[in-house]
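Have a look at the structure below before the remarks.
The values are calculated or read from the model by the stated rules, or taken from the named source; none is laboratory data. For clarity, every value in this text was computed on a predicted model and none was experimentally measured. Counting neighbours? That spans all protein chains shown, and the Cβs are built from the backbone with ideal geometry, glycine included. Remember, those area values only see protein heavy atoms, side chains included, never the ligands or the DNA or RNA. Shrake-Rupley method; radii C 1.70, N 1.55, O 1.52, S 1.80 Å.
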Amino acid sequence: MSRTRRTVPRIIASLGLGLVVGALTYYVTAVVAAVQVSGNFTNNSLTLAIVAIVGALAVAVGWRWPIVGLTAGIVIIAVVVWAVTGRMGWSPSNGALNPYNAVAFGALSVAPTLVGAMIVTASALRLRSRRTR
């Protein structure tokens, strides 16, 4: 089997996995950002730490598998753009655990956008470093 025939299915599998990772990362980031922790903070330190952990794990995936990470980051940013341009509404009483509400809340909060940008950046740097070797 030629190298091209082995590479194409791997790229397709990476793109598909990137779609799944992007959707899951967006949802987890939106839910984590919506966690209500008591305290006199606008954004609680625990919530920010959990978002940072999710972001670090996402960047690690993007660094290890750059095509998956690049696709996931693009999916996250595309979902945010779609939700903002579609003017999706969200209800604070419904909670972020509802998937439809989580999409709108994630677009409102900055956490998924930052995680998506971090994944894209890490994956692009990794792909760039592979090309220059």
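Filtering the range 34-49 to residues that are part of a helix (DSSP H, G or I) and either open to solvent by 60 Å² or more (accessible area, probe 1.4 Å) or modelled with pLDDT of 90 or more (or both) leaves SER45, LEU46, LEU48.
Scanning for something open to solvent by 100 Å² or more (accessible area, probe 1.4 Å), polar (S, T, N, Q) and at pLDDT 85 or above, does the range 76-88 turn up at least one residue?
Within the range 76-88, the subset open to solvent by 100 Å² or more (accessible area, probe 1.4 Å) is 82, 85, 87.
Add one more test, that the residue is polar (S, T, N, Q), and what stays is 85.
Cutting the leftovers down to at pLDDT 85 or above gives us 85.
Yes, the range 76-88 contains at least one residue that is open to solvent by 100 Å² or more (accessible area, probe 1.4 Å), polar (S, T, N, Q) and at pLDDT 85 or above.
Considering only the range 21-33, state which residues are hydrophobic (A, V, I, L, M, F, W, C), open to solvent by 60 Å² or more (accessible area, probe 1.4 Å) and in contact with a helix residue (DSSP H, G or I) (Cβ under 8 Å, 6 or more places away or on another chain). Show your work before the answer.
Kept after step one, since they are hydrophobic (A, V, I, L, M, F, W, C), are these residues of the range 21-33: 21, 23-24, 28, 30-33.
Those still in the list that are open to solvent by 60 Å² or more (accessible area, probe 1.4 Å) too: 24, 28.
Passing the criteria: only VAL28.
Looking across the range 115-128, just one residue is at pLDDT below 90 and either open to solvent by less than 20 Å² (accessible area, probe 1.4 Å) or aliphatic (A, V, I, L, M) (or both), and that is LEU127.
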